[in-house]
Amino acid sequence: MPAESTRRRSTWKEKSPRSTTPLPRVAALEIYRNYESALKNGGFQTLFSCAKTCGEAPPANLMPINDAWGNYSDDTRYLATKLSRPSGDAYVALWVYDSGFDIKTFLAVIESKPMESGLVTVNAAAG
């Protein structure tokens, strides 16, 4: 049966959005390992992960990926996970990197659910 999905995206930066005072610096690896551990403890299975070299750069002018890739660094990490559950699978994608002036974390959560069916009926006898 086809599945629909809802997508939620969160972005987190090291600096507090309401203050110019930086939070204590935390290494990209430490942030990544904390998410990785929490997802594993929550029953998520790893579908893909990479560090430092996560593939070739995307084609030019492919926004927003191209913009983010411009901040690609030697301390970048990516993790894709899946949680199978009766109500529909959940996926989490995590990207953490140190841009040199701050550490950025991008988190995408996608929850799928079975598509509702039977919404349309046909009356062949109608004329």
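The values are calculated or read from the model by the stated rules, or taken from the named source; none is laboratory data. Please read all numbers here as calculations on a predicted model, not as lab measurements. Positions of Cβ are generated from backbone atoms using ideal geometry, with glycine treated the same way; all protein chains shown enter the neighbour counts.
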**OP:** Check residue 17 against each of (1) modelled with pLDDT under 50; (2) crowded, with 17+ Cβ neighbours inside 10 Å and name the one condition it does not meet.
**Re:** (2)
Subject >> Selected residue (criterion: surrounded by the most Cβ atoms within 10 Å (Cβ to Cβ)) from residues of the stretch 105-127 that are modelled with pLDDT under 85 and in contact with an Asp or Glu (Cβ under 9 Å, 6 or more places away or on another chain) >> reply: 113
Original post:
Which of the residues that make up the stretch 92-127 are among the aromatic types (Phe, Trp, Tyr) and in a loop (DSSP other than H, G, I, E, B)?
Top reply: 101
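Just a yes or no: is a residue in the stretch 41-52 at pLDDT below 90 and part of a helix (DSSP H, G or I)?
Within the stretch 41-52, the first condition is being at pLDDT below 90, and the residues that meet it are 50-52.
Subset that is part of a helix (DSSP H, G or I): none.
Taking every residue of the stretch 41-52 in turn, none turns out to be at pLDDT below 90 and part of a helix (DSSP H, G or I).
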Subject >> Positions within the stretch 76-91 being assigned to a strand (DSSP E or B) and of a type outside the set (A, V, I, L, M, F, W, C), in sequence order >> reply: 76, 77, 78, 81, 82, 91
